[in-house]
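Encoded as structure tokens, the structure appears first; notes follow it.
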Amino acid sequence: MFGLFRKKLPAFDSAEGNAFTPQGLRLIETGQGAALGNLYADLPPADRIHFIDGLGQLSEIGAPLPPVSQHPAMAAVEGGLRYV
């Protein structure tokens, strides 16, 4: 029990372990909607909501997003981010 308080805790991962979230944030910041849409569309369906949650939690509220016209999946990405 005495050694419990000496343990170093792992760093907090605000992306919750989703390896694609940092890449998605960079794509949003640089306005690369086609690449962001491809990234989203290529994820397995179960990972898509986790990806959108991570982007929504880590992106700035009301941040400008790439145009929806850059990729068919951008409508889903934008809708998810507006919801989160």
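The values are calculated or read from the model by the stated rules, or taken from the named source; none is laboratory data. Predicted, not measured: the structure shown is a model, and the values here were computed from it. Note that we place each Cβ from the backbone using ideal geometry, even for glycine, and neighbour counts take in every protein chain shown. Ligands, DNA and RNA are stripped out before the accessible areas are found, and what is left, the full protein with its side chains, is counted by its heavy atoms. Shrake-Rupley method; radii C 1.70, N 1.55, O 1.52, S 1.80 Å.
For the stretch 59-84, what are the residues that are modelled with pLDDT under 90 and open to solvent by 40 Å² or more (accessible area, probe 1.4 Å)? If the condition is that a residue be modelled with pLDDT under 90 and open to solvent by 40 Å² or more (accessible area, probe 1.4 Å), then Glu60, Ile61, Gly62, Arg82, Tyr83, Val84 are the ones that fit. Only residues that are within 9 Å of the chain's Cα centre (by Cα) and in contact (Cβ under 8 Å) with a residue 12 or more places away in the chain were counted across the stretch 13-28, and they come to 7. For the stretch 4-55, give me each residue that is open to solvent by 40 Å² or more (accessible area, probe 1.4 Å), of a type in the set (Gly, Ala, Ser) and at pLDDT below 90. Correct list: Ala11, Ser14, Gly17, Ala19, Ala46. Every test in (1) under 13 Å from the mean Cα position of the chain (by Cα); (2) closer than 23 Å to Asp13 by Cα; (3) touching a residue at least 24 places away in the same chain (Cβ under 8 Å) is passed by Ala63 save one, and that test is (1).
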